[in-house]
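Presented below is the structure to which this report refers.
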Amino acid sequence: MNVGEIPLGVSSLETRHWRNLVEQRVDLHPRLNVLVGRNAQGKTNLLEAMYLLSTGQILRGSKDAEVICWDETEALVRGVLAESETLLEVQLVGGQRKRARINGSALSRISDLLGRLPSVTFSSQDMALVRGDPAERRTFLDTSLSQLYPGYLQHLANYKRALEQRNVLLRAAQEQNVPDDQFEIWEADMAQHGALLRHRRKQYVLDLHGYGGPILCGLEPGESLAIEYEAKDRHADHEALASALSEGRREEIRRGTSLIGPHRDDLALSINGHRTRTFGSQGQQRSVALSLKMASLKVASEVLGLAPLLLLDDVFAELDRFRQSNLLSLAFDHAGQVIMTCTEVDQIAASALALGQVFSVESGQICRA
Amino acid sequence: MTFTKPLAQLIGHLERLPGVGPKSAQRLAFHILRMPEDDVRRLAESLVAAREQIRLCEICQNVTAQTRCEICSDSRRDSTLICVVGEPKDIAAMERLNEYRGLYHVLHGLLNPMDGVGPDNLKIRELLSRLSGPIEEIIIATNPTVEGDATALYLGRQIKQLGIKVTRLAHGMPVGGELDYADSATLLSALEYRREL
């Protein structure tokens, strides 16, 4: 952690009817927390509870109702921030929207939690960042940026909404005449918000690239990772995007979908000039995904002037000792609180364990080990 | 269990109302069964009467029992000012201010292709036909949503072509609110539309 950065973290975490953590209260270590247990005991559920407090969202793409204990109607996750003693709460009631409270006062939107406890997460699912569709990488950019700039989420939501409306018109125009002025009102919104999204994303990717190079995780000597924003069209500013949308309309009507704008962009990842999506070995792909996440941790700490929360799910088993200690020192350099899970405590070097607290997790019970 | 036919029918009708789920519909139905018969008859009659008597004002398209609503018939109102709103309930909100002395126009919705709402489904033609008389300003007061903004832009362009001044309600910080508690969307918009002191 750099000098002057405020370490972020949760000093105590409580869960009620949250997955298999029926009624748990844990005092967390300010720096390193290692959750040890066999599979399906509840380690990741605790990590997810932290993610929920950080983002208001549920990890692993589950539906809200799936995280509530069987036979119960509501779940609650509550955490006290270590520095400010702010109380964050997220409540899930079956069939309703999630509700969040800060120090007891209700937030009008769950997304207003963003920015209170910024976090970076890494789990095996993040391999999709390298191997998956462009949508996976756009989601990574969008969720990272939303944590840094809460206003970004609003621009994104407005952009997506205007895009959907325009797409409906494009399809309608295949059957009947739709006057230009009806397209223009949605294109105006797309251009305004779209230009802003691209601007933020490009700047962010430049930063990732800048930090990503020096802090590569697990790549071999001589391998260099390039992270580039790949815009599918060249229309960067508001006016250019607006006129491109208007000029492209005829072709887009034929295709029935919007072909211009940030919703088509991608993040290009390559090692020594080769695209990792198709060329990389499995080990290289994991290293790239981890490097990307660690670069996002570094960028977040630079932009926010805070050391974010780092959640690592079952990452260590896959790394050798050298890469483990490399990852840990990066984590200690740039993260505030670190929470990690593993199946065997001897997967982690004793010197690292001495810096934090080990918890054992068994059948939804979390105990200091 | 299944209810006897008249009760099941009542529940079925109540369920179709917005915001009423199966459980609320049942509760309402049983409540109605326990009400004095006279009260039930008055409720039924008021439903029918409202449906039969309420129509749209021939000028502003607000709901009214007359051909022309009370605001449009009030000669003290400034007929050179028109405030354009999405729904009749928005007029009530503006009127509570007791500040605005102009007239209104109700669009009965916002442009929304996803829901199949285009310009022809809104009371836009009726609005444009009102603009031939002396008009100083049109104030567009649609909601600050993507659809509200698009509708405002659409109207704004058409009205400007006629050489009439068009304005849009500002969006920003709630007055008397604390910055710390403002949601990000509101704060962002307040920042973007800040003004010089």
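Overview of results
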| item | result |
| --- | --- |
| In the stretch A:238-256, the residues that are open to solvent by 80 Å² or more (accessible area, probe 1.4 Å) and either part of a loop (DSSP other than H, G, I, E, B) or over 21 Å from A:A173 (Cβ atoms) (or both) | A:E239 |
| Conditions (1) in contact with a Cys (Cβ under 7 Å, 6 or more places away or on another chain); (2) open to solvent by 60 Å² or more (accessible area, probe 1.4 Å): number failed by B:C72 | (2) |
| Residues located in the stretch B:5-22, provided they are under 13 Å from B:L33 (Cα atoms) and among the charged types (D, E, K, R) | none |
| Output for the stretch A:170-188, where each listed residue is buried (at least 22 other Cβ atoms within 10 Å of the Cβ), facing another protein chain (nearest Cβ under 8 Å) and in contact (Cβ under 8 Å) with a residue 12 or more places away in the chain | A:W186 |
| Qualifying residue in the stretch B:118-139 (condition: in a loop (DSSP other than H, G, I, E, B) and within 14 Å of chain A (Cβ to nearest Cβ)) | yes |
| The stretch B:144-178, subset closer than 22 Å to A:Y152 by Cβ and more than 13 Å from chain A (Cβ to nearest Cβ), residue most open to solvent (accessible area, probe 1.4 Å) | B:M173 |
| Those residues of the stretch A:115-154 which are assigned to a loop (DSSP other than H, G, I, E, B) and more than 14 Å from chain B (Cβ to nearest Cβ), in sequence order | A:L117, A:S123, A:G132, A:D133 |
| Test result for B:L188, in contact with a Gly (Cβ under 6 Å, 6 or more places away or on another chain) and either open to solvent by less than 40 Å² (accessible area, probe 1.4 Å) or on the phi > 0 side of the Ramachandran plot (or both) | yes |
| All helices (runs of 4 or more DSSP H) inside the stretch B:1-112 with 2 or more residues being in contact (Cβ under 8 Å) with a residue 12 or more places away in the chain | B:5-15, B:22-34, B:70-73, B:88-96 |
| Pairs, first free of Cβ contacts under 8 Å to residues at least 24 places away in the same chain in the stretch A:96-112, second open to solvent by 90 Å² or more (accessible area, probe 1.4 Å) and not basic (K, R), C-beta under 8 Å, six or more apart | A:S105/B:Y181 |
| Criterion violated by B:A190 - all others in (1) free of Cβ contacts under 8 Å to residues at least 60 places away in the same chain; (2) outside any strand (DSSP E or B); (3) more than 13 Å from every other protein chain (Cβ to nearest Cβ) satisfied | (3) |
| Flag for A:N158 being of a type outside the set (D, E), closer than 22 Å to B:T151 by Cβ and crowded, with 21+ Cβ neighbours inside 10 Å | yes |
| Count - residues of the stretch A:270-299 that are among the aliphatic types (A, V, I, L, M) and either touching a Cys at 6+ places or on another chain (Cβ under 8 Å) or open to solvent by 10 Å² or more (accessible area, probe 1.4 Å) (or both) | 3 |
| A:E85 vs. criteria more than 12 Å from chain B (Cβ to nearest Cβ) and on the phi > 0 side of the Ramachandran plot | yes |
| Matching entry among A:L141, A:L163, A:L197, A:L153 (being under 14 Å from the mean Cα position of the chain (by Cα) and open to solvent by less than 40 Å² (accessible area, probe 1.4 Å)) | A:L141 |
| Options B:A44, B:A92; residue that is under 30 Å from B:V146 (Cβ atoms) and away from chain A (no Cβ under 14 Å) | B:A92 |
| Positions within the stretch A:343-359 being assigned to a helix (DSSP H, G or I) and closer than 19 Å to A:G42 by Cβ, in sequence order | A:V345, A:Q347 |
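The values are calculated or read from the model by the stated rules, or taken from the named source; none is laboratory data. Remember, predicted model here, so these are calculated numbers, not experimental data. Note that we place each Cβ from the backbone using ideal geometry, even for glycine, and neighbour counts take in every protein chain shown. All accessible areas refer to the heavy atoms of the entire protein, side chains included, with ligands and DNA or RNA removed. Shrake-Rupley method; radii C 1.70, N 1.55, O 1.52, S 1.80 Å.
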